[in-house]
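*Asks:* Here it is, the structure, as structure tokens.
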Amino acid sequence: MDLAIEVSGLRKTYDKTHALRGVDLSVRTGSVLGVLGPNGAGKTTAVRVMATLLEPDGGTAKVAGFDVVKQPREVRRRIGLAGQNAAVDELLTGRENLVLLGKLLHLGRDGARGRAKELLERFDLVAAGDRPVGTYSGGMRRRLDLASCLVGHPQVLFLDEPTTGLDPASRQALWNTVRGLVDDGVTVLLTTQYLEEADYLADQIVVIAAGRVIADGTPDELKRKVGQEWLEVAVALPDRTPDALSVLGPLAVDTPTVDAEKGLVKLQLRDGMDGIAAAAVALRDAGVDVADFSLRRPTLDDVFFNLVGHPTDQ
Ligand SMILES: Nc1ncnc2c1ncn2[C@@H]1O[C@H](COP(=O)(O)OP(=O)(O)OP(=O)(O)O)[C@@H](O)[C@H]1O
Ligand SMILES: [Mg+2]
């Protein structure tokens, strides 16, 4: 298997804080790994080690085939990093920022200008390209930040919470950009607190909490760990909930859960598709009108809640 990132037993302690307590992870070339975890889990610390900005206390990390401690320059030449805080100069224009980076990366004057033009177009920043970055909106800054880490054509891209603070349209646009990069063969490791983001972008997910990997797998594997799908019935008139319960109860694996106030009944069905049909018929025969009748699968939010014990937005 061709691995773009290989991390084993990574440890890092700041003063007394054990930020990483033996983290293992690997990312196949050309795939996306989502690193999910609550505040303080160690995500940024892990990214900083992999991007050669921080030396680990123990363990090893190889990126694009090179050791981050022994061969940091080789690693740096092949990676891009969009950090939690944008690293662009506010006083320069977007274009000037990109040209400057291109020159630092030895693209030459014309090469740097050409690359800047290309990236401004790709990130929909042509109109704003000649304004100082200080006048950009949050979404525009994020796009410029991402553009700036692509100047040197990295093979491996680290994105630390790339869409925090973006509105849904900008988030979607950035997701599309990341997918485009992956289609071009770039390997991406992104950290996020948005389960939806990991679900949408990641081929594999690791969940970290308190410096340890507490779960990993594909989004579907993680969802499956939480359990089966269930039927959710919203009764149109909540005072008919007991009637719904009495006809649905016999079709369920366990006792259904009920929210009498909202008229909600949730149950795991015994017989798959036949169970769904039987439930619909039973409700109709009992004369119970339903406002909503749907089959639900666990979401990554449920997975996270199960693993970490609290939702991410706490
Ligand atoms: N420079 C530092 N000095 C001391 N402690 C630090 C330092 N940087 C991080 N820490 C601590 O290490 C732990 C992990 O921090 P880290 O920034 O890696 O978490 P994170 O998962 O990125 O969190 P967030 O979601 O808030 O960005 C936290 O307890 C944090 O307080
Ligand atoms: Mg962080």
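Just so you know, all these numbers are worked out from the coordinates, no wet-lab data involved. Note that the coordinates shown come from a computational prediction; the quantities given were computed from them, not determined experimentally. Note that we place each Cβ from the backbone using ideal geometry, even for glycine, and neighbour counts take in every protein chain shown.
*Asks:* With a cut-off of at most 12 other beta carbons within 10 Å, and DSSP calling the residue loop, which trypsin sites (Lys or Arg not before Pro) in segment 241-271 qualify? Please list them.
*Replies:* Lys262
*Asks:* Then there's this: Using a cut-off of 28 Å between alpha-carbon atoms, which lysines can reach Lys223, once sequence neighbours fewer than 8 places away in the same chain are excluded?
*Replies:* Within the straight-line cut-off, Lys223 pairs with Lys43, Lys262, Lys266.
*Asks:* Ordered by packing density, taken as the mean number of other Cβ atoms within 10 Å over each peptide's residues, highest first, how do 122-128, 98-104 rank?
*Replies:* Working: 122-128: 16.9, 98-104: 19.7.
Per-residue mean Cβ counts within 10 Å order the peptides as 98-104, 122-128.
*Asks:* Starting at 0 and stepping by 5 Å, how many percent of the alpha carbon pairs of segment 128-181 end up in each bin?
*Replies:* 4, 18, 31, 24, 17, 6, 0
*Asks:* On full extension of the chain, what length is gained from Ser8 through Ala236, given 0.36 nm per residue of separation minus the C-alpha to C-alpha distance?
*Replies:* Working: separation 228, 0.36 × 228 = 82.08 nm, distance 5.42 nm.
Difference between extended and current length: 76.7 nm.
*Asks:* Sort the following peptides by mean Cβ neighbour count (other Cβ atoms within 10 Å, averaged over residues), highest first: 19-32, 247-260.
*Replies:* 19-32, 247-260
*Asks:* Then there's this: Using the alpha-carbon centroid of each, what span in Å lies between segment 257-281 and segment 93-164?
*Replies:* 52
*Asks:* Rounded to the nearest 20 debye, what is the charge dipole size of the chain about its Cα centre when +1 sits on each Lys and Arg Cβ and -1 on each Asp and Glu Cβ? Write out the running numbers ahead of the final one.
*Replies:* On the way: 37 positive and 44 negative charges, 315 e Å.
Roughly 1520 debye, rounded to the nearest 20.
*Asks:* If you don't mind, another one. Return the percentage of antiparallel bridges among DSSP beta bridges fully within the chain, rounded to the nearest 5 %.
*Replies:* Values: 36 of 54 bridges.
Here the antiparallel bridges make up roughly 65 percent for the chain.
*Asks:* Can you pull the Rg over Rh of segment 228-297, Cα-only, Kirkwood?
*Replies:* 0.91
*Asks:* Hey, what angle do you get for helix 138-148 against the long axis of the chain, alpha-carbon based, 0 to 90 degrees rounded to 10?
*Replies:* 50
*Asks:* Are there GluC sites (Glu not before Pro) in segment 76-169 that DSSP puts in a loop and that have at most 15 other Cβ atoms within 10 Å, and which ones?
*Replies:* Here the GluC sites (Glu not before Pro) that fit, given the DSSP loop and packing criteria, are Glu90.
*Asks:* Do the sum for the chain: with -39,500 (n - 2.57) for every DSSP H run of n ≥ 4, divided by all residues, what is the mean residue ellipticity at 222 nm, to the nearest 500 deg cm²/dmol?
*Replies:* On the way: 11 runs with 111 residues, N = 314.
Estimated from H runs of four or more residues: -10500 deg cm²/dmol.
*Asks:* Run the reach check for Lys103 against aspartates and glutamates, Cα to Cα strictly under 16 Å, same-chain hits fewer than 8 apart removed. What comes back?
*Replies:* Partners found: Asp89, Glu118.
*Asks:* Computed FRET efficiency, Cβ-Cβ of Thr218 and Thr255, R0 22 Å: what is it to the nearest 0.05? Show your work: numbers first, answer last.
*Replies:* On the way: r = 32 Å, r/R0 = 1.45.
Rounded to the nearest 0.05, the efficiency is 0.10.
*Asks:* Sticking with this structure for a sec: For segment 220-295, which GluC sites (Glu not before Pro) are in a loop by DSSP, counting at most 12 other Cβ atoms within 10 Å? Write out the running numbers ahead of the final one.
*Replies:* On the way: sites: Glu221, Glu229, Glu232, Glu261; in loops: Glu229, Glu261.
Within segment 220-295, the qualifying GluC sites (Glu not before Pro) (loop, at most 12 other Cβ atoms within 10 Å) are Glu261.
*Asks:* Given a Förster distance of 45 Å, report the FRET efficiency between Met273 and Asp203 from their Cβ-Cβ distance, rounded to the nearest 0.05.
*Replies:* According to the calculation, E is roughly 0.90.
*Asks:* In nanometres, what is the gap between the two model label sites at Leu307 and Asn176, each 7 Å from Cα along Cα-to-Cβ?
*Replies:* It works out to 3.0 nm between the two label points.
*Asks:* Measuring from label point to label point, each 7 Å out along Cα→Cβ, what is the Ser137 to Asp184 span in nm?
*Replies:* Roughly 2.4 nm, to one decimal.
*Asks:* What is the helix-to-structure angle for 168-183, meaning the angle in degrees between its Cα long axis and the longest Cα principal axis of the chain, kept from 0 to 90 and rounded to the nearest 10?
*Replies:* For 168-183 against the chain, the angle is about 70 degrees.
*Asks:* Shifting gears a bit: What are the equivalent ellipsoid semi-axes of segment 212-269, built from the alpha-carbon gyration tensor (square roots of five times its eigenvalues), in whole angstrom, biggest first?
*Replies:* Largest first, segment 212-269 gives 31, 12, 8 Å.
*Asks:* Determine one quarter of the surface area of the Cα convex hull of the chain, which equals its mean projected area, and express it in nm² to one decimal.
*Replies:* About 20.2 nm², averaged over all directions.
*Asks:* Using a Förster distance of 51 angstrom, determine the FRET efficiency expected from the C-beta separation of Asp243 and Leu91, and round it to 0.05.
*Replies:* Plugging the Cβ-Cβ distance into 1/(1 + (r/R0)^6) gives 0.15.
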